[in-house]
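Here is the structure we will look at, set down as structure tokens.
Here, each number is a calculation from the coordinates, and none is a lab measurement. Because the structure is predicted, anything quoted here is derived from the model rather than measured. All Cβ positions, even for glycine, are placed from backbone atoms using ideal geometry, and neighbour counts span all protein chains on display.
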Amino acid sequence: MKNGSAWWIKIPLAFFLILGLMELLIDSGDKPAIIEYPLLQIFMVFILFLMIIIQIILNAIENVMFQTLSEEAKARYLEDKSNTWEWKWGKRTYEKLLGSKPMEAEQEIILDHNYDGIRELNNKLPPWWVYMFYASIVFAIIYMLRFHVFGGYDQDLEYEQDVAAAQLEIEAYKKTAKDLVDANTVELMTDASDLKAGKTIFESNCVACHMADGGGGIGPNLTDEHWILGGGIKNVFHTISEGGRDGKGMIAWKQTLKPLEIAQVSSYVLTNINGTPPANPKAPEGDIWVAEETP
């Protein structure tokens with residue numbers, strides 16, 4: 001009949017044990033799993049609710065069985081239970097918040113209703129429930145004054161603020177996300193790893209038309225100052241991505257190369273090929289490119 005004591009200690013310990021095992025077994029990167037995966041929050045709330053319900057059922061069974069004992073057996077049971085270690089401060093706090101009568105004093109609030117030996121108690125509403133009810137009234141009054149009397153922000157304004165904040169986050173992410181680069185946001189890469197990757201791409205895809213040293217063959221010379229569709233990282237990126245002149249220019253590589261790879265090979269051409277002396281340079285084509293910021 002006895003279901004053990006100090007359940008207000010056992011339930012939190014079991015809850016945090018499950019939470020710790022979940023964090024240990026689930027790979028969530030730098031963030032805790034319960035934050036990275038919101039569904040786990042719902043799962044842990046369900047687990048906590050289930051443990052509390054189980055304990056309430058056990059307490060109810062204990063109470064019903066206690067009422068079936070003889071007076072002598074009740075006395076022995078209460079004496080035995082009083083000798084069991086309990087967290088007295090926690091128990092007093094729990095009983096105060098619950099506001100229910102102890103089992104030995106339930107005769108004072110028992111009602112006449114009887115169903116197969118099950119009697120109904122006239123317990124008052126738990127103080128914690130009453131306090132939460134009063135707190136909800138205070139919150140409702142403050143909310144009404146804040147948003148309906150003194151004209152606080154509304155949902156439209158909150159939505160616009162959230163959208164603006166999200167847009168700033170997107171722009172900040174784009175600055176560090178190389179795979180999202182395009183002709184408008186691309187910048188010249190100078191890291192050795194990016195230039196090495198650009199060299200590999202150039203040797204695999206570009207040497208057939210531009211030669212290994214960039215001197216030009218079927219395609220134009222990449223080492224001089226002349227550019228058919230404009231120089232600079234943005235123009236070169238756009239030309240490689242979208243292709244050259246219609247009918248006789250370079251094919252569009254955007255279906256073959258990723259934006260990051262186009263940025264890498266464009267940076268390699270401008271950094272390691274343009275301005276170098278080729279073995280057999282092709283005659284210049286196009287106009288001399290002068291960057292807009294150059295005086």
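For this structure, a couple of remarks:
- Only aspartates and glutamates eight or more places from Lys258 in sequence, or on another chain, were considered; those with a Cα closer than 14 Å are Asp179, Asp182, Asp194, Glu242.
- For the chain, the longest principal axis of the C-alpha atoms and the axis of helix 259-268 are separated by about 40°.
- Burial ranking of peptide ranges 199-205, 34-40, 221-227 (average Cβ count within 10 Å, highest at the top): 221-227, 199-205, 34-40
- Between Ile47 and Ile251, the modelled labels are 5.5 nm apart [label points 7 Å from Cα along Cα→Cβ].
- Label corresponding to Rg/Rh (Cα atoms, Kirkwood Rh) when calculated from the structure given, among [x] 1.37; [y] 0.94; [z] 0.98: [x]
- Summing charges over neighbours of Ile34, with a neighbour being any other residue whose Cβ is under 14 Å away from its Cβ, gives -3 when K and R count +1 and D and E count -1.
- Given Lys178/Lys248; Lys10/Lys124; Lys31/Lys199; Lys10/Lys31; Lys81/Lys124; Lys199/Lys282, the pairs whose alpha carbons are separated by over 29 Å: Lys178/Lys248; Lys31/Lys199
- Between helix 7-25 and the chain there is an angle of about 20 degrees, using the helix long axis and the longest principal axis of the Cα atoms.
- Neighbour counting of Cβ atoms within 10 Å sorts the residues Val269, Val64, fewest neighbours leading, into Val64, Val269.
- Here each label is just a point 7 Å from Cα along the line to Cβ, and for Tyr115 and Phe147 those points are 4.1 nm apart.
- √(5λ) per eigenvalue of the Cα gyration tensor, region 190-267, largest first, Å: 18, 14, 13
- Per residue, the average separation of C-alpha pairs within less than 8 Å and at least 6 apart gives the chain a relative contact order of 14 percent.
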